[in-house]
Every structure is written in structure tokens, then in C-alpha cells.
1. Just to check I understand the Karplus step: with θ = phi - 60° and J = 6.51 cos²θ - 1.76 cosθ + 1.60, what whole-Hz values come out for the range 552-561, glycine and proline as x?
2. Between residue 428 and residue 581, what is the FRET efficiency for a Förster distance of 60 Å, r being their Cβ-Cβ separation, to the nearest 0.05?
3. Provide the net charge surrounding residue 317, with neighbours chosen by a C-beta distance below 14 Å and charges set as Lys +1, Arg +1, Asp -1, Glu -1.
4. Considering the zone a paramagnetic label at residue 303 would reach in this model (a point 7 Å from Cα along the Cα-to-Cβ line), which residues of the range 232-254 have amide N under 11 Å from it?
5. Semi-axes, largest first, in whole Å: what does sqrt of 5 times each Cα gyration tensor eigenvalue give for the range 282-330?
6. Compute the FRET efficiency between residue 53 and residue 103 as 1/(1 + (r/R0)^6), taking r as their Cβ-Cβ distance and R0 = 30 Å, and round to the nearest 0.05.
7. Got a sec? How would 105, 236, 424, 634 order by Cβ neighbour count within 10 Å, fewest to most?
8. Using 17 Å as the cut-off for backbone N distance, which residues of the range 141-164 belong to the label zone defined by a point 7 Å from the Cα of residue 45 along Cα→Cβ?
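Rule-based calculations on the coordinates, nothing more; no lab input. If you're wondering where the values come from, they're calculated on a predicted model, not measured in any experiment. Here the Cβ positions follow ideal geometry from the backbone for every residue, glycine too, while neighbour counts run over all protein chains shown.
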Amino acid sequence: MVVGRSAVLVVALAAACTSTAPAPEPPPGVAPVTVPALVGWTPAAGEFRLTPESRIVVDPEQGQLHDEARTLAGDVAGVIGRPLPVVALAGTGDAGDLVLRLDGERSELGEEGYALSVGRTVTVTARTGAGVFYGTRTVLQLLLAGGALPAGAVTDVPRYPERGVGVCACVAPVSVEWLRRIVMDAAYLKLNHLWLELKIKSDALPDPGGWGYYTRAEVAALQELAARYHVTVVPEVDAPGHMGPWLHTRPDLWLVTADGVPNPNNLDVSAPGALTFVTGIIDEYLAVFDTPFWHLGADEYLLGDDYAKYPRLLDHARARYGEQAVAQDAFVDFVNRVNAHVKGKGKRLRIWNDGLTGVATVPLDGDIVIEHWRDGRDPPSTLVGRGHTLMNAASSLYNVRGGPKIDTAALYAGDWSPLVFEGETLPATAAPMVTGAKITLWPDDASAETENEIEAQIYLPLRFIAQATWGPTRPDPDFAAFTRRADTAGRAPGLATADPNPIRDGTVTLSAGGRFLAPVDAAEGATLTATAAATEWRLDRTADGYRTIRHAATGRCVQAPLGARDLSTPLQTGTPITAEACTPANRLQRWQLTRTGDAVTLTNAITRMVAVLDGTLLQQPPDSHPPTAFTLVE
């Protein structure tokens, strides 16, 4: 764990101040262990150690590196327990310094590559700030692995420009804290894309009593963190399918069959206001996100349905493109018109591939990036032949809550690479048309697993995709050896635990305003209220780092409401929290307890809503209802 390695490193640093033993000679050609692996390491005699006088040194004429230096200083503090000062200094630095340099003449390093030299100092040289940043991630991993860095040098350049992770924070909520952890861990591995499907709280499109949105302030803070760690956020609002959360107040835009049956989840792209409706959402989001992209989704439109049921789509297509047009042309036309709007905003459009059925006569705009996730009538080679760049977002790289998981061992054994798409493997000559690859996290059964469980599940997939998109796909002879590599490199500083406010198991009382939390009676499903008499609860840590809260007298557990659900998650606000029969597998009975002094607040591990005592105990969105601060007495 990071905590243990940090302690070891602090001891090692102290010992290094008095040690005079000669450094061992390194094995020839053996690179220090990192993820992604270093290729072409040239070893040298000796080693590097931090000292009490170590600094982070940047050239005074390269002020743009000060941000990278400050980020590194904060991250190093998470490893060794103390910050390193950042100084502006011309020259090579003193022994024990970490030196960051820009060299615009190093064209071989590209936009993200770097050169690392380890000797009396550690020097990271790159053409860009991004390249310097990725070099510092390697330095962090080496510091985390032990007190000494072996002397040597390497030039490290990524194979693919887009290396990512995707999170569908759609409908079912995902905590901002968890997204921050993903950004930090992804950047530590030199991943640089975060695809994020989400809903921003909007006055123009209010949500009718539901939860599962983010405030502008939350998005802005996440965006700032991502920018600091060189992670490009790719936001998505899915259209024209999966639009139920946005169309609930616009029945005039619902797609309707010839028999008059409405489909409130699908946008009628032939409706006069459809394009304006979607571009209005895009404009609202682009006011918050600093990104070069917009992801339209465009997936699963009329999933399991038939275009023929909606003759207005055919009428619309023929009105625009003539009698030879087909109904699917209305879909492609809509995507192209959104593309024109997005390009007018200085962004590039991205979509999933499954809406391209091979039937349309209208060509999709060639500058749209296609994220390919499933086999279809238009295989990758056909799309590349039409001039599209592709990102490999294969369904084999999906982690689904309550569903399929990524078989990382099988992918590694099969020498998977970003050229291996669902249904077709592209030749190496097509690599310039492939931007890279990502793993994607979906919440299909959102109450089946907690965020902490998913984080544990994607530990190796994240490291695998980082390796496969940056360097050689199999740096180690087998998956067991790669797993050891991943464990040696560890997690980003500060991410060793997903339980930042540990509370001991045991019997406690929870009170607010001098009154004690208790069920109103002993019946199953009883609501919780405040009483004058002290009532005991038993806190027990779950395997994934949350707590169950069990009433000592009745043996029932505090549970989020069991009302109407979206993706199996009860997201209605202002609904009572109840005492139910304890079931270990029931994630709705798991709570995150956050301690501030003697007070704790309760957040449900699945709904991510907070407990608010207002006569009875209710679940409420934290942006509009501050959680009740309970006094916890053990």
C-alpha cells in the first residue's frame, strides 16, 4: 500500500543522509519497473536519492513549467511526507534535485514524450509541458517503489495520442470524489482522456424531483483538476437516443409511431425544434467544460425497434435528399447538422459506431471521430477507408455494474492492442487512423456494486490500457508478471485507501440537537426520527470500505428508500430512509461516514444522497440540503 511504502521511503531518506556504502552496479539493460514500462533503458553506475536539501528546479526563463513543478511538489509530498521547494535556477541543479526542462529542439519527443536522465540529479526534458508532466509520473512511480532510483536514461514516447477511461455518470449518480480519484490514478498511468456522460443541473431543463446531476461548481472543480493533470475531459449528452432525462418536459419532441405511440426516450430528429433543443444543451455544457471535443453519443437510436414504424423519419429524409433517401438518412443528417454546430464552436464531434447501419445513403461527415464499441455493418476498415479516425472503445473493455467485467488476463494473453476492434483487427498500416483506446464503466445495475468495488475491479484494467496505448502490449512474459509490475508501480499518491475518514467498528449513539436517532417503532420498514432517549447503533465496516448501521435493539439496518428506481437505483429526493432487515449483499444498506471533529455525516454508497433529519430522516441531494451533522459517541 502507498502508506506503507511512504513510511519505508521516509526511513530510507533519513538513512541516506549518513550512508557511505557504494551503490550497487545495476544489471545491464534492466529498466526500473513502471507502468507503462520503460523501453530502451540505458543503465549507468550508481543511484539517485533524495536528500533533505532536494529541490524541484526549473529554468527561470521557462516559467510555464512552474505549474508542473508545483503539481509534482504536491504529489511528492504524498510519497515522502514532506514538500520539496520549487526554485527557479539556470543550470543542471545540485545533487538530489529534480530538474524539469523544456527543449523545443527535441522533435523526436513529440507532444507528450520526454527524456529521463537519472544520475546525481533526476532530469526530465520535453518539448511541452505535457511531456514534462508525463516524465514526472515516471519519477513518482520510481520514488514510490523505494528510496533509491537506479542511474540511467530513457526516451519515452507514447504510441497513441488518446489513452483513456470512460465513466457513464448517467442517470445513476457517481460521486465527484470518485471521479477525482479516477483522474488522479489515470494521470499517474499517463492516461489522458476522461469520457464523461453526465447531467448538469440546469434551470432551463429542470429535473422533476430526481437526483443524478452535477452542479456547475462541481464540474468546474473537476475540470480544473483534470487540466492540471493533463486529462482531457470529453463530455457527452446522448442524442438522439437515450434522451429521456432531458425530454420529460418536451413531449412535442418525442418520436411517435405511425399508430400514435410515443417513445419518450428518443428524440424526433424530424421535429422543427429538435436541432435547436440539442444544440442548446451542447452550448450550456460547453460553457462549463474546457474541451476540444463534444461527444454526441448517437448510439442505440431505435434500439430493438424498426425505422419503418416511424414514417415521419422517411418523409423528413426524402424532403431533404429526394425520393432515393431512406429513413436512416434522417439520423445521419441530424448528426451532420450537430457536427456543423460543434465545429462552429471550435470543437470536434465524436460518436459511437452502432448507429451507422450501412443503410443510409447520406454520408457521415468525414471529420467526425468514431468510437467503435461493437461489430456492425460498417467495419473499422470501411470507416477508415472513408477517412474517419477511430478510437477503440471495444465492449471487451467494458466494466458494467452488476454485469460483464473486463477479462484483463485474457486480453493480455491474447496480445490485445488498439488495432484489435470488435469483429476486425486492422493492419499496422492503419495505426495512424486509430487515436487510441479506453476502458468504459457503465451503471446498468447501479445498486449491484459500489464505487469502491468498481475501483478495485478496474485497478488492473486501467494499468493494462495504459500499457497497451503507451508502449508495447506485453512488456512481461505473462499476466502474473504484469500484475507484479502493476503492484510495484502502485497507485497515485494519496489513493491507497478509499476510506479517508476511518471510524472504528462498534456500538455508538448518533444525536443531533440533543436528540438521538432511532426508528419510530420495531416494524420492518420503520422510518427514522429523533427521540429523547439514547439509542444504540452498531457500526460495521464492509469489505469495500463503507459501514452498515444496525439498530442494536431490533437488529435492522439503515437503508436508502426502496421506491421507484432508475437503473435499479432509488433516486427520488426527499424520501424517507428506513430500518430494514439486514442483508449483507444489499448495497443500499452501505453508508459512507464522513467525520469532522466529533460530528459525522451519512452518505449512501449507492444513491450518493445525504441523510437529512427533518422530522424524519430523509435522503436529499447534497447541493441543496446540507447533511445533518450527527454527534457520534462511541
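1. Couplings: 4, 6, 9, x, 8, 9, 5, 9, 5, x Hz.
2. Numbers: r = 58 Å, r/R0 = 0.97.
Computed FRET efficiency for residue 428 and residue 581 comes out at 0.55.
3. Values: positive: 312, 318, 320, 337; negative: 268, 315, 323, 329, 333.
Neighbour charge sum, excluding residue 317 itself: -1.
4. The answer is 241-243.
5. Values: eigenvalues 182, 42, 14 Å².
Over the Cα atoms of the range 282-330, the semi-axes work out to 30, 15, 8 Å.
6. 0.70
7. Working: 105 7, 236 25, 424 13, 634 10.
Sorted ascending by nearby Cβ count, the order is 105, 634, 424, 236.
8. Hits in the range 141-164 for residue 45 at 17 Å: 150-153.
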